[in-house]
Amino acid sequence: MTHRLSCFTHSLRLIRSSNRVVTRVVSTGGVLRSHGGLVVHRDSKDNNPDTPFDFTPENLKRIERILKNYPDGHKSAAIIPVLDIAQRQHGWLPLSAMHKSADLLGVAKMRVYEVATFYTMFFRKPVGKYHIQVCTTTPCMLRDSDSIVECIKKKLNIQMGETTKDGLFSLAEVECLAACVNAPMVQIGDNYYEDLTVSDMEEIIDTLAKGGVPKPGPRNGRFAAEPVGGLTTLTEPPKGPGFQVRPDL
């Protein structure tokens, strides 16, 4: 499935304060993406077309139900949910799982490769039980996501794209996770941890290491994405249908 995309870099200059300028080199393109690994596939002992993989009977039933959501001739629309099921079953997404998904959906293998190499939600190499994805895009960067990254690296003694020796934690830098108003934030499994400080991140890691589940969501006490100081608008219950439209309502 070897394919190469052009790669280029550009410098993103952001003024953090009146006396400090931070320059970050951002790499984009196919070769240097996907959790710091290569988008270009290289067969290995643990990841090749012959790596054992098959969907469980339970997951085949789930896939059958999913496919009923799509019209005949449009099974390719289910590539993402089918790959997600494969990854949840296996823990990551080997080449053989992609091939099995392509066969099941009746699409070319390249169609599956395109999806699996584009979305950072798909892990094409083994990851830790707790895979920490740190957003470092502009809003999170402005809210000091760099300090969260350094905290994780120091506490777990790993770098981007690495896994701890016990296989418990792995770390990846990802693009926007759509929680900009709650920056900085990380995603671990299916949970978002938002409005983070360094001490919050340390506490989350400690809780996970002990087998606990940290409470997801904002860590600063606010509800969801509401203003930190409380609501300033929409503070009353909504009016009923027809409000101020007819005098008799």
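Observations, loosely collected:
- Rough spin-label spacing in nm, given labels placed 7 Å along Cα→Cβ, for T232 and D84: 3.5
- Theoretical FRET efficiency, 1/(1+(r/R0)^6), r = Cβ-Cβ of R42 and K68, R0 45 Å, to 0.05: 0.75
- Note, ³J(HN,Hα) from phi for region 162-170, Karplus 6.51, -1.76, 1.60, rounded to Hz, x at Gly and Pro: 9, 10, 5, 4, 7, x, 7, 10, 9
- Integer Hz, Karplus 6.51/-1.76/1.60 couplings in order for region 83-92, x for Gly and Pro: 5, 5, 4, 4, 5, 5, 6, 9, x, 7
- Cα pair count fraction exceeding 23 Å, expressed as % - region 98-249: 50
- As a rough guide to protection, the peptides 109-121, 157-169, 231-243, 66-78 ranked by mean Cβ packing within 10 Å, highest first, stand as 109-121, 157-169, 66-78, 231-243.
- Our coupling estimate for region 202-211, obtained by passing each phi through the Karplus curve with A = 6.51, B = -1.76, C = 1.60 and θ = phi - 60°, is 5, 5, 4, 4, 4, 5, 5, 4, 8, x Hz, Gly and Pro reported as x.
- Taking other residues whose beta carbon is less than 13 angstrom from the beta carbon of G217, and scoring Lys, Arg as +1 and Asp, Glu as -1, yields -2.
- With all pairs of separate Cα atoms included, region 161-249 yields a Kirkwood hydrodynamic radius of 16.2 Å.
- Added length on full extension, which subtracts the Cα-Cα distance from 0.36 nm per residue, F243 to D144: 31.2 nm
- Distance between modelled label sites at C180 and N157, nm, 7 Å Cα→Cβ extension: 3.9
- For L168, residues with placed amide H under 5 Å, excluding near neighbours: K129
- Tail fraction, Cα-Cα pairs, region 42-145, threshold 24 Å, whole percent: 30
- Cα-derived Rg over Rh, computed across region 110-194 with Rh taken as Kirkwood radius: 0.98
Just so you know, all these numbers are worked out from the coordinates, no wet-lab data involved. Keep in mind that what you see is a predicted model, and the values were worked out from it rather than measured. Neighbour counts run over all protein chains shown; Cβ positions are idealised from the backbone, glycine included.
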